[in-house]
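Notes follow the structure.
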Amino acid sequence: MKKIKIGLIGAGFMGRTHSTAYKSVNNIFGDDYVPELVVVADVNSDNAKALAEKYGFKRWTTDWHEVVSDPEVELVDITTPNASHCPIAVEAAKYGKNVYCEKPLSMTAQEAVNATKVVEDAGIVTSVGFNYVRNPIQQYVKELIASGELGEVVNFRGMYDQDYYNDPDQKHEWRMFKSASASGALGDLASHTLSLSQYLIGDIAEVCGMTKIIVPERPDPKDSSRMLPVENDDVVQFMFNFANGACGTIFSNRLAAGRKMSLGYEIQMTNGCIVYNQENQNQVQIYRHDDPKTERGFKTVLIAPGHGEYDKFYGGAGICLGYADQKTIEVYHTLQCVAEHKPYEIDFRFGMKVMQVIDAVLESAETRQWVTVK
Ligand code: SOE
């Protein structure tokens, strides 16, 4: 059994989500890697104190610098808004801390490139919170694609729609300020779709896209008689070519009435098709063109033993996993890689590739040209 001492920065929704995963991971995966909750930081002292007491962190603070420099801490976990991700990660690397950072990795591709060089030069283990990749079904899909049974990938048609902001009276928040979030639906939602295309198919070489603001201003949360400008994309859509010759499109709308968690894809292949949507995250639709002509059609595959880490949860097919379980799987892999000091596949370099596509889409939307991902 190896103990990994955790310093968490950010005691909001994602800080609570990560803390719940730390509490669950040993019940599911056993005691090989045991997280020890040392310190939690949040600018709001009430939040920091409440989370420390609820989850059993030994200490709390309002200064994240105390976390990255704490001699006891081995893994710094960053769940703050986007603008502070890389500054905190780079400082943590200076102290030789491993880093687990929420998505998107950074504000710009250049910031991600710089941070990736720093963490790789420091020889630390990193992890980025693209938790939807950790649904065991995605490992099954990845293996099915790699098997060649369905031929070659021709087209990846991805999406991530929500209607969280569909109500124009929905108050303004940090995700709508460029200074705090950079892009809007692109970095917040489509980054998850890009994590799936990156994990399942590979690098994207060039893009052509557009962005649109649908609701240009929203009520100030501090004074609803005042309106604040929405500074980034409500809708983003882009087409692209993968480096391996396949092509694709991704669209995302954070005001898509009726769509709550519509993260998904249709992977069109030369001898079949795979369709997935997170709103039905325990199943995937598979079409095999090799089926007898009288029996061709999409088959529903329910999540089952043999799909990634599902066996650690249940022994029977169709007993559903949820969002929190994905986070628990992500935390397990992160702890394992830290304890064994080995690279984790969804690391800063993976997060950097997503950011490089995001910047290329923003450049394309500006120039209305195809842009090479760099
Ligand atoms: C946006 O509403 C959001 O909270 C994203 O920021 C998360 O990354 C996603 O998992 C759920 O939706």
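On segment 2-132, 51 percent of the accessible area sits on carbon and sulfur atoms, based on a 1.4 Å probe. Dipole magnitude for segment 2-132: computed about the Cα centre from +1 point charges on Lys and Arg Cβ and -1 point charges on Asp and Glu Cβ, it is near 220 debye.
Here segment 10-168 was treated as a single set of alpha-carbon atoms; its pair distances binned every 10 Å from 0 give 9, 31, 32, 21, 6, 1 percent.
From the alpha carbon centroid of segment 342-374 to that of segment 218-270 is 15 Å. Legend: translational diffusion of segment 90-152 by Stokes-Einstein, Rh = Kirkwood radius over C-alpha pairs, 37 °C, 0.692 mPa s; D = 237 µm²/s. Kirkwood hydrodynamic radius of the chain, from the reciprocal of the average inverse Cα-Cα distance over all distinct pairs: 21.4 Å. Report summary: the helix-based calculation at 222 nm, which adds -39500 (n - 2.57) for every DSSP H run with n ≥ 4 and divides by the residues of the chain, gives -10000 deg cm²/dmol. Restricting attention to segment 2-132, the count of lysine pairs at 8 or more positions apart or across chains with alpha carbons under 14 Å apart stands at 7.
The apolar share of the surface of segment 249-305, taken as the fraction of accessible area on carbon and sulfur atoms (1.4 Å probe, ligands and nucleic acids excluded), comes to 49 percent. Across segment 295-374, how large is the tail of the calculated P(r) beyond 22 Å, expressed as a percent of all Cα pairs? The answer is 55 percent, as a whole percent. Find the Rg to Rh ratio for segment 45-90, where Rh is the Kirkwood radius over alpha-carbon pairs and Rg uses the same atoms. The Rg/Rh ratio comes out at 0.95. Charge tally around residue 122: other residues with Cβ under 10 Å, Lys/Arg +1 each, Asp/Glu -1 each, net +1. Solvent-accessible area per residue in the chain equals 42 Å², computed with a 1.4 angstrom probe and all protein chains kept.
The values are calculated or read from the model by the stated rules, or taken from the named source; none is laboratory data. These numbers were taken from a predicted model, which means no experiment stands behind them. Glycine gets a Cβ as well: all are built from the backbone with ideal geometry, and neighbour counts include every protein chain shown. Ligands, DNA and RNA are excluded from the accessible area calculation, which covers all protein heavy atoms including side chains. Shrake-Rupley method; radii C 1.70, N 1.55, O 1.52, S 1.80 Å.
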